[in-house]
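Heads up: the structure comes next, in C-alpha cells.
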Amino acid sequence: MFENYNCPIPSVDTYLERIGAPAPTAGPSLEYLDELIRLHQCSVPFENLDIYDYHRPIRLEIPALYEKIVLRRRGGYCFELNGLFLQLLKALGYDAWPCVCRGLLRGEEGPILHRAVLVRLADTIYLCDVGFGGPSSSCALPLQENSPRTALGKTFYVKKARDTWWTTVQRTPEGEDQEVLRFSTAVMEPVDFIPLSYYCSTEETSYFRSQRMASLRTPEGSISISDMTFKETRGTDIRETVLESRSELESVLRNRFGMLL
C-alpha cells in the first residue's frame with residue numbers, strides 16, 4: 001500500500017541533469033554531497049503553487065514527485081523536495097534517512113511541520129536540507145559542537161539541544177547567532193510525513209494556504225515571490241518589484257525560477 005513512498009527514483013541521470021550536477025566519479029563523499037545541496041537549491045525552487053493557486057492535492061509518492069519536480073520542472077515544499085532528494089542520495093550510495101524538524105524563527109518552538117535529511121558519512125552525521133523556505137545552509141552541517149560551515153556567503157552550525165534534538169543556527173554577518181530549526185536524529189520513515197503534509201496543504205490556517213510563495217537560491221543571493229511581490233537579493237542589495245498581473249507573475253516564474261507552468 002505504501003511501497004511507492006520509498007521506492008527508487010526512475011532515473012538518477014535525469015535527476016542529476018535537472019539540477020545541473022555531474023555524475024559521481026567515486027563513492028559517497030562530503031564534497032559531492034555539498035555540491036548536490038548547492039546545485040539543488042539553485043535549480044529547484046521552494047514553492048506552494050499547487051496548494052495556493054491550483055488547489056491540487058500534494059502527492060508524496062516517489063513517482064509523482066519525480067514526475068512533478070524532475071520531468072515537469074516544478075518545485076515544491078519540504079515534504080516534496082527533501083522527500084525526493086532523500087531517494088537521490090540513497091540511489092547514489094549515501095546512508096540517508098528523513099528527520100522531523102520544528103521552526104524556531106518566531107522565538108518559540110513551533111509544531112513539527114518540516115522535513116529534512118540526515119546522512120551518515122564515516123562516523124559523522126550531517127544535516128541536509130533542500131526544501132526550507134527560510135534561512136538554510138547550502139552545504140551539509142555536521143552534528144558536532146562548534147563546527148560552523150560557510151557556503152554561498154552564509155554560515156550555519158548545529159548545537160545539541162536535548163535528548164535526540166539538535167538546533168540549527170545561522171551566524172549573521174554582524175556576528176549574531178539566530179536559531180532557525182530544531183531537528184531530531186530519530187529515524188523516521190517516508191510514510192510518517194503523509195499526515196503532516198496533509199495538514200500543511202489543506203488546513204485553512206496553514207501558513208502554506210495563507211499566501212503564494214516561491215524562493216530560489218542564486219550564486220549571488222536569492223530570488224523570491226511573496227503573493228505578487230518579486231524580490232531579488234544580491235549581497236546587501238535588495239530590490240522589490242510589485243507584479244501587476246497574472247501574466248507578469250507567470251513570466252517571472254518561467255524566466256527567473258525556471259518553472260514550466
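Restricting attention to segment 53-65, does a residue exist that is touching a Pro at 6+ places or on another chain (Cβ under 8 Å) and open to solvent by 40 Å² or more (accessible area, probe 1.4 Å)?
Yes, there is a match, as at least one residue in segment 53-65 is touching a Pro at 6+ places or on another chain (Cβ under 8 Å) and open to solvent by 40 Å² or more (accessible area, probe 1.4 Å).
Name the residue that is nearest to Arg72 (Cα to Cα), counting only residues in segment 233-252 that are open to solvent by less than 40 Å² (accessible area, probe 1.4 Å) and in contact with a strand residue (DSSP E or B) (Cβ under 7 Å, 6 or more places away or on another chain).
Among them, the one singled out is Val252.
On the basis of being more than 22 Å from Leu127 (Cα to Cα), of a type in the set (Ser, Thr, Tyr), touching a Leu at 6+ places or on another chain (Cβ under 7 Å) and in a helix (DSSP H, G or I), does Tyr66 make the cut? Walk me through how you get there before you give the answer.
Values: more than 22 Å from Leu127 (Cα to Cα): yes; of a type in the set (Ser, Thr, Tyr): yes; touching a Leu at 6+ places or on another chain (Cβ under 7 Å): yes; in a helix (DSSP H, G or I): yes.
Spelling it out, Tyr66 is indeed more than 22 Å from Leu127 (Cα to Cα), of a type in the set (Ser, Thr, Tyr), touching a Leu at 6+ places or on another chain (Cβ under 7 Å) and in a helix (DSSP H, G or I).
Which count do you get for residues in segment 108-135 that are touching a strand residue (DSSP E or B) at 6+ places or on another chain (Cβ under 9 Å), surrounded by fewer than 23 Cβ atoms within 10 Å (Cβ to Cβ) and not hydrophobic (A, V, I, L, M, F, W, C)?
Within segment 108-135, residues that are touching a strand residue (DSSP E or B) at 6+ places or on another chain (Cβ under 9 Å), surrounded by fewer than 23 Cβ atoms within 10 Å (Cβ to Cβ) and not hydrophobic (A, V, I, L, M, F, W, C) number 8.
Consider Phe85 against the criteria (1) open to solvent by less than 10 Å² (accessible area, probe 1.4 Å); (2) more than 22 Å from Ser184 (Cβ to Cβ): it satisfies all of them except one. Which criterion is unmet?
(2)
Taking segment 218-228 only, how many residues are under 19 Å from Pro135 (Cβ atoms), at pLDDT 95 or above and either buried (at least 16 other Cβ atoms within 10 Å of the Cβ) or over 18 Å from the mean Cα position of the chain (by Cα) (or both)? Give the derivation first.
Applying the first criterion (under 19 Å from Pro135 (Cβ atoms)) to segment 218-228 yields 218-226.
Still in the list and also at pLDDT 95 or above: 222-226.
From what is left, the residues that are either buried (at least 16 other Cβ atoms within 10 Å of the Cβ) or over 18 Å from the mean Cα position of the chain (by Cα) (or both) are 222-225.
Residues that pass the stated criteria total 4.
Filter segment 210-261 down to the residues that are touching a helix residue (DSSP H, G or I) at 6+ places or on another chain (Cβ under 6 Å) and not in a strand (DSSP E or B) and list them by number.
Across segment 210-261, the qualifying residues are Arg212, Leu243, Met259, Leu261.
The values are calculated or read from the model by the stated rules, or taken from the named source; none is laboratory data. Because the structure is a prediction, the values reported are computed rather than measured. Neighbour counts are summed over all protein chains in view; Cβ atoms, including those assigned to glycine, are modelled from backbone coordinates with ideal geometry. Just the protein is used for accessible areas: all its heavy atoms, side chains included, with ligands, DNA and RNA removed. Shrake-Rupley method; radii C 1.70, N 1.55, O 1.52, S 1.80 Å.
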